[in-house]
1. What is the residue count in region 22-39 for residues that are surrounded by 22 or more Cβ atoms within 10 Å (Cβ to Cβ) and either more than 15 Å from Gly146 (Cα to Cα) or within 10 Å of the ligand (Cβ to nearest atom) (or both)?
2. Checking the structure you have, find out if any residue of region 31-45 is closer than 18 Å to Ser160 by Cβ and charged (D, E, K, R).
3. Looking at Phe163, Phe119, Phe123, can you tell me which residue is under 14 Å from the mean Cα position of the chain (by Cα), more than 18 Å from Leu91 (Cα to Cα) and open to solvent by less than 70 Å² (accessible area, probe 1.4 Å)?
4. Quick one: would you say Met6 is more than 16 Å from Glu131 (Cα to Cα) and either among the acidic types (Asp, Glu) or in a helix (DSSP H, G or I) (or both)?
5. Out of everything in region 43-52 that is touching a residue at least 40 places away in the same chain (Cβ under 8 Å) and open to solvent by 20 Å² or more (accessible area, probe 1.4 Å), what residue ends up being nearest to the chain's Cα centre (by Cα)?
6. Is it true that Ile14 is assigned to a helix (DSSP H, G or I), closer than 16 Å to Ser116 by Cα and within 13 Å of the ligand (Cβ to nearest atom)?
7. Write out, first by first residue and then by second, each pair whose Cβ atoms fall under 7 Å of each other, whose residues are 6+ apart or on separate chains, and whose first residue, in region 126-147, is away from the ligand (no atom under 11 Å from the Cβ) while the second is aromatic (Phe, Trp, Tyr).
Amino acid sequence: MLTVKMEKAYNEQINAELYSAYLYLSMSSYLSLNNLNGFANWMKIQYQEETFHAMKFYQYVIDRGGKVVLEAIEKPQITWKNIIDVFESTLKHENHITALINNLMTLAHEEKDHASVSFLNWFVDEQVEEEANVIELLQELRLIEGKGPALFMLDREAKSRVFTPPPAV
Ligand code: OFO
């Protein structure tokens, strides 16, 4: 059984993950509009990953006998200055999500919820990977100043990204 505090925090995290999905889908549509279809695909995969994260929390609350309470999802930003701005916003958002995951982990320790500590470890590792992926792309985009033929090369590479759900939910 989850403690009241843990259940509330997990429900907030489900909302944060769904908002992340919404934000990345919004970025995807902005990128499509700007003829960057490879990056639009990259963001669509990001949207799928975030939906997967939300569902992982959702299922965990249910598995622990808790109650899932879905709240309204905030409207995401709909436009950005350019591709570099998109990825700077993405990194900022992922840093924020990392802080939320760390808070959840701190709470799990405070509540002596060992099962949650084990469950949340997956997210701690996932955030390292998520941030690393975005930092790498951002560095490449800054290097080419987000324009020119090199941008089209990067866009083509981003087109090949696919969603591969991790084995266990
Ligand atoms: Fe992009 O991160 Fe979810 O958790």
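The values are calculated or read from the model by the stated rules, or taken from the named source; none is laboratory data. None of these values were measured; they are calculated from a predicted model. Here the Cβ positions follow ideal geometry from the backbone for every residue, glycine too, while neighbour counts run over all protein chains shown. Surface areas here come from the heavy atoms of the whole protein model, side chains and all, with no ligands, DNA or RNA. Shrake-Rupley method; radii C 1.70, N 1.55, O 1.52, S 1.80 Å.
1. Initially, region 22-39 is screened for residues surrounded by 22 or more Cβ atoms within 10 Å (Cβ to Cβ), giving 23-24, 27-28, 31, 36, 39.
So of that shortlist, the ones also either more than 15 Å from Gly146 (Cα to Cα) or within 10 Å of the ligand (Cβ to nearest atom) (or both) come out as 23-24, 27-28.
The total comes to 4.
2. To start, the set of residues in region 31-45 that are closer than 18 Å to Ser160 by Cβ comprises 31-32, 35-45.
In the following step, the residues that additionally are charged (D, E, K, R) were identified as 44.
Within region 31-45 (the criterion being closer than 18 Å to Ser160 by Cβ and charged (D, E, K, R)), the answer is yes, since at least one residue qualifies.
3. Working: Phe119 fails: under 14 Å from the mean Cα position of the chain (by Cα); Phe123 fails: more than 18 Å from Leu91 (Cα to Cα).
Going through Phe163, Phe119, Phe123 in turn, just one is under 14 Å from the mean Cα position of the chain (by Cα), more than 18 Å from Leu91 (Cα to Cα) and open to solvent by less than 70 Å² (accessible area, probe 1.4 Å): Phe163.
4. Details: more than 16 Å from Glu131 (Cα to Cα): yes; either among the acidic types (Asp, Glu) or in a helix (DSSP H, G or I) (or both): yes.
When the stated conditions are applied, Met6 passes them.
5. If we take residues in region 43-52 being touching a residue at least 40 places away in the same chain (Cβ under 8 Å) and open to solvent by 20 Å² or more (accessible area, probe 1.4 Å), then Glu49 is nearest to the chain's Cα centre (by Cα).
6. Values: assigned to a helix (DSSP H, G or I): yes; closer than 16 Å to Ser116 by Cα: yes; within 13 Å of the ligand (Cβ to nearest atom): yes.
Criteria met by Ile14.
7. Leu137/Phe87; Leu138/Phe87; Leu141/Phe87
Residues are listed down the side, and each one gets a yes or a no for (1) hydroxyl-bearing (Ser, Thr, Tyr); (2) open to solvent by 50 Å² or more (accessible area, probe 1.4 Å); (3) more than 28 Å from Ile144 (Cα to Cα):
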residue: Ile14; (1), (2), (3): no, no, yes
residue: Lys56; (1), (2), (3): no, no, yes
residue: Asp63; (1), (2), (3): no, yes, yes
residue: Ile83; (1), (2), (3): no, no, no
residue: His93; (1), (2), (3): no, no, no
